[in-house]
Amino acid sequence: MWKAVKTIDKIKIENIWYKLKKFFLGKQGNDGMIFKTVIYALLISIGFVYLYPIFYMVSHSFKSLKDLLDPTVLWLPKTLHLDNYIRAWNVLDFPKAFGASLLNSVLPALSQTVSCALVGYGFARFNFPGKSIMLAFILLTFIIPVQVVMIPLFLLFKQYGLLGSPLPFIVPALFAGGIKSALFILIYLQFFKTVPKALEESAQIDGAGPFKTFFRIIIPISVPAIVVVFLFSLVWHWNETYMASLYLGESMRTLPLMLQTFDLAYSQEYASSGATEMVNINESIKLAGTMLIILPLLILYLFAQRWFVEVVDKTGLTGE
């Protein structure tokens, strides 16, 4: 009788221990409460690092000068001071600068998306003499700093009369060149390698040539890679200031270029009013201008984020 009671107690203890172990460690040791707690803590920490600057800009861009000087106002302003955005809109000359930014980012991005797809498909599916050497030279262009070739490119574009327009960005992009083009070719190359060759072989049996196969078969199933390459190219062209200031000069001013001279432009814009509070710029107005510049990119990321996971999973590449 006593042995039976001890056996029952032992079974109960083992059941309790099993349930505790299953709760904290999970069935396989990687799906329990401890593992989930560590993962969620890590994700929250990483997310905080990325989201904190955005939350800070949004919060402070709506603050009035009194809220900025009030130590009791930390995150939530007492009132939403929309005048900061109105002033920033006027100083940036937003409609004109936004149009210039679109011309210098959308057109080169579209050109790079198409041309790099063709080059990447060629390297992924065709064998030709010097293929490895050509690919190595293409990747070398990604390693060499742009400052090394900037002056020769400037003189070349000046000789052909391309300066003062988006053409210095568009023309190289049409031939799979330009900003980060080697990375885009590599993304396409790795993505096209994951496409089954049986699809192309079936198209060839039906009489389709290489170009027809590419545009009718490959392109429709390559939407994730196309979207990611277009988005990366758009963002890098949008944020470009060094080459843009060199190639465009004063004929076209993009939003990032306008932000570089925001303080001076603000003083010139409101100096004629004679009001001291209008002439002196504060942090909230600067952050409002910054938010106006990055807002189009945030909206774009919001709609295209689901393609990032798929293309990173298939290519093993990450972007900025």
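When peptides 293-299, 105-111, 242-248, 131-137 are sorted by average Cβ neighbour count within 10 Å, with the highest value leading, the order is 105-111, 242-248, 293-299, 131-137.
Under 12 Å from the Cβ of ILE138, count the other residues' Cβ atoms, weight Lys and Arg +1, Asp and Glu -1, and hand me the total.
Working: positive: LYS131, LYS180; negative: none.
Its environment carries a net charge of +2.
Ranked by the mean number of other Cβ atoms within 10 Å of their residues, highest first, the peptides 164-173, 141-150 fall in the order 164-173, 141-150.
With distances taken between every two different alpha-carbon atoms, segment 93-260 has a Kirkwood hydrodynamic radius of 17.2 Å.
Find out how many positive minus negative residues lie around ASN90, taking Lys and Arg as positive, Asp and Glu as negative, among other residues whose Cβ is under 15 Å from that of ASN90. Walk me through the numbers on the way to the answer.
Working: positive: ARG87, LYS96, ARG253, LYS286; negative: ASP83, ASP93, ASP263, GLU269.
Around ASN90, the charge tally is 0.
The number of Lys pairs in segment 93-260 with C-alpha atoms less than 30 Å apart, excluding pairs fewer than 8 positions apart on the same chain, is 12.
Every number in this text was worked out from the coordinates using simple rules, so none of it is lab data. Predicted, not measured: the structure shown is a model, and the values here were computed from it. Cβ coordinates were reconstructed from backbone atoms using ideal geometry, including for glycine residues, and neighbour counts include every protein chain displayed.
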